[in-house]
1. Can you name the condition, by its number, that SER137 falls short on among (1) open to solvent by 60 Å² or more (accessible area, probe 1.4 Å); (2) over 26 Å from GLU84 (Cβ atoms); (3) among the small types (Gly, Ala, Ser)?
2. Of the conditions (1) under 20 Å from the mean Cα position of the chain (by Cα); (2) open to solvent by less than 80 Å² (accessible area, probe 1.4 Å), ASP205 clears all except one; give me its number.
3. Restricting attention to the range 80-113, report how many residues are farther than 27 Å from LYS208 by Cβ and not β-branched (Val, Ile, Thr).
4. Can you name the residue in the range 112-134 that is surrounded by 15 or more Cβ atoms within 10 Å (Cβ to Cβ) and over 12 Å from the mean Cα position of the chain (by Cα) and, of all such residues, is farthest from ALA158 (Cα to Cα)?
5. Which of the residues belonging to the range 66-76 are open to solvent by 50 Å² or more (accessible area, probe 1.4 Å) and either within 22 Å of VAL117 (Cβ to Cβ) or of a type in the set (D, E, K, R) (or both)?
6. In the range 23-49, what residues are among the acidic types (Asp, Glu) and closer than 16 Å to PRO108 by Cβ?
7. Within the range 95-111, take every residue that is farther than 22 Å from ALA203 by Cα and touching a residue at least 12 places away in the same chain (Cβ under 8 Å) and give me the one that is surrounded by the most Cβ atoms within 10 Å (Cβ to Cβ).
8. Tell me whether the range 100-119 contains one or more residues that are among the acidic types (Asp, Glu), farther than 24 Å from ASP37 by Cα, touching a Lys or Arg at 6+ places or on another chain (Cβ under 9 Å) and modelled with pLDDT of 95 or more.
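The values are calculated or read from the model by the stated rules, or taken from the named source; none is laboratory data. Worth saying up front: this structure is predicted, and the values here are computed from it rather than measured. We place every Cβ from the backbone using ideal geometry, glycine too, and count neighbours over all the protein chains shown. These accessible areas exclude ligands, DNA and RNA; they are computed on the full protein's heavy atoms, side chains included. Shrake-Rupley method; radii C 1.70, N 1.55, O 1.52, S 1.80 Å.
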Amino acid sequence: MTTVLYITAHPLDTQESFSLAVGKAFIEAYREANPTDEIVHLDMYKENIPQFDADVLHGWGKLRSGSSFDQLSDAEKSKVARLEAIVDQYVAADKYVYVSPMWNFSIPPVLKAYTDVTSIPGKTFKYTKDGPLGLLSGKKALHIQASGSVYSEGPLAAYEMGYSYLTKILQFYGIQSIEAIFVEGTASLEQAPAIKEKAIAHATDFAKRF
């Protein structure tokens, strides 16, 4: 069975968020085209994503030094175990659909925290004598990103650090099949409805081929 992680990073709902509206259209069309696939929705604003704090770093340090998991503090056990579960779920998936707005030229902090959690040596990549090597080759990803202005091309392209950042992270994992659906120019109240409608149509069509 193919497993799809549907990863959303917006605190509002589909009526208020352009990215979520397009993401919803995509995932519904994908589900219809692939009824036997398992789709797991991860809402970054509802998930427990531990930060890399002192508990996590001390816990990992103890484990690397030979301590057993039972020797960790309660806080260290809880956070380290949760981080392990998150990255294992990520590695086990076959496809990834990221949905997010562009905030300050990049992705929301909760999504950045998630990429930190999934960037674990021995899980999504490993170090070799020739440098790091991604371990998730053969998988595929899509990023649906909404922004007030146009950043995928034109004079503001140099400021686009959302999709470009996520692409580099995924390529670091060994994922080479990475697509994007940009929902751009939404700050224009007159053009926004048409932009949204066009993006939803594109996402619905693309879902049948993803």
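1. It fails just one condition, (2).
2. All conditions pass for ASP205, except number (1).
3. So the first thing to find is which residues in the range 80-113 are farther than 27 Å from LYS208 by Cβ, and the list is 80-88, 103-106, 108-110, 112-113.
Filter again for not β-branched (Val, Ile, Thr), leaving 81-85, 88, 103-106, 108-109, 112-113.
Final tally of qualifying residues: 14.
4. LYS123
5. Here is the first cut: in the range 66-76, the residues open to solvent by 50 Å² or more (accessible area, probe 1.4 Å) are 66, 68-71, 74.
Across the range 66-76, the qualifying residues are PHE69, ASP70, ASP74.
6. Going through the range 23-49, the residues among the acidic types (Asp, Glu) turn out to be 28, 32, 37-38, 43, 47.
The answer is ASP43, GLU47.
7. Step one: list which residues in the range 95-111 are farther than 22 Å from ALA203 by Cα, which gives 104-105, 109-110.
Next, from what is left, pick out any that are touching a residue at least 12 places away in the same chain (Cβ under 8 Å): 105, 110.
Numbers: PHE105: 15, VAL110: 18.
By that ranking, first place goes to VAL110.
8. First pass over the range 100-119, keeping only residues among the acidic types (Asp, Glu): 116.
In the following step, the residues that additionally are farther than 24 Å from ASP37 by Cα were identified as 116.
Next, only the ones that are touching a Lys or Arg at 6+ places or on another chain (Cβ under 9 Å) stay: none.
For the range 100-119, residues among the acidic types (Asp, Glu), farther than 24 Å from ASP37 by Cα, touching a Lys or Arg at 6+ places or on another chain (Cβ under 9 Å) and modelled with pLDDT of 95 or more: absent.
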